[in-house]
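Everything below concerns the one structure shown next.
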Amino acid sequence: MHFKSIRTLVTLLVGACIVFVVAALVGYTVYANARSQALVDARTDALLTESIRERLRAVAGREAERIEAPLDHALTLAHSLANTNALMGAVDDQGRRRLSLSRDGLSNLVRQTVVDNPDLLDAFIGWEPNAFGNDAYYQGREDAGYGKDGRFMPWWYRTADGKIEVLGSAARWRVRNRSRAASVRVSTISAPRRP
């Protein structure tokens, strides 16, 4: 290509350089804006995700506390019944029971636990066969909280209409470790065997 004047050549070269610089600046601006937008999107997404997680943790914590409180209360009641039963099975230095209650008295204690705690559906205790006196005297009294064999194991429960009733439980749990019962079995007590 041959130009007749230097002025035209310089004008074309300067124009081409300006077009190239403008194109480079526009390209860089588009690239920088895209990277900036991607960074903003990533950080915004991370902030939103963390914010949502914090809110979910807070809601889960409140719900856990709301659920845990009644369960802790029920577990405390079960431990209290278990400790009362354990005291009845424990003997002092002279061989006397540390706590003496009749079957009716202990059954009424379990009943009153259900009555005094409206959120509690039921309460159960169970003694090993003949650990609370001779079970044969109580055979056939399942409606009073005894097993078919007369074993003492009242299960007081709240009916659908809110009445408190008793049945003899068919559960056959036996606590092997008398010093520390598992929480699931806190209401089942084994008395020491007499020689």
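The values are calculated or read from the model by the stated rules, or taken from the named source; none is laboratory data. Since we're looking at a predicted model, the values are computed, not measured. With ideal geometry, Cβ positions are generated from the backbone for all residues, glycine too; neighbour counts draw on all protein chains shown.
Scanning region 146-167 for residues that are farther than 15 Å from Asn117 by Cα and of a type outside the set (Phe, Trp, Tyr) gives Gly147, Lys148, Asp149, Gly150, Arg151, Met153, Pro154, Ala160, Asp161, Val166, Leu167. Determine, yes or no, whether Val91 is β-branched (Val, Ile, Thr), over 26 Å from Ile164 (Cβ atoms) and in contact with a Lys or Arg (Cβ under 9 Å, 6 or more places away or on another chain). Yes, satisfied. Taking the criterion of being free of Cβ contacts under 8 Å to residues at least 24 places away in the same chain and acidic (Asp, Glu), the residues of region 107-142 that qualify are Asp116, Asp135. I'd like to check something: does region 177-190 contain any residue that is out of contact with any strand residue (DSSP E or B) (no Cβ under 9 Å at 6 or more places or on another chain), of a type in the set (Val, Ile, Thr), within 29 Å of Leu71 (Cβ to Cβ) and modelled with pLDDT under 85? Within region 177-190 (the criterion being out of contact with any strand residue (DSSP E or B) (no Cβ under 9 Å at 6 or more places or on another chain), of a type in the set (Val, Ile, Thr), within 29 Å of Leu71 (Cβ to Cβ) and modelled with pLDDT under 85), the answer is yes, since at least one residue qualifies. If only residues of region 108-151 that are in a loop (DSSP other than H, G, I, E, B) and in contact with a Gly (Cβ under 6 Å, 6 or more places away or on another chain) are counted, the one that is surrounded by the fewest Cβ atoms within 10 Å (Cβ to Cβ) is Gln139.
Counting only residues that are of a type in the set (D, E, K, R), farther than 25 Å from Ala74 by Cβ and modelled with pLDDT under 85, region 112-141 holds 1 of them. If you go through region 59-89 one residue at a time, how many are small (Gly, Ala, Ser) and either without any contact (Cβ under 8 Å) to a residue 40 or more places away in the chain or surrounded by fewer than 10 Cβ atoms within 10 Å (Cβ to Cβ) (or both)? Of the residues in that region, 5 qualify. Here Val110 fulfils each of the conditions (1) closer than 30 Å to Lys163 by Cβ; (2) out of contact with any strand residue (DSSP E or B) (no Cβ under 7 Å at 6 or more places or on another chain) apart from (2). Listed by first and then second residue, the pairs with beta-carbon distance under 7 Å, at least 6 apart or on different chains, first residue in region 37-48 and without any contact (Cβ under 8 Å) to a residue 24 or more places away in the chain, second of a type in the set (A, V, I, L, M, F, W, C) and surrounded by fewer than 10 Cβ atoms within 10 Å (Cβ to Cβ), form an empty list. So, Thr49, is that one among the hydroxyl-bearing types (Ser, Thr, Tyr) and either loosely packed, with under 10 Cβ neighbours inside 10 Å or farther than 30 Å from Asn134 by Cα (or both) or not? Judged against the criteria, Thr49 is a match.
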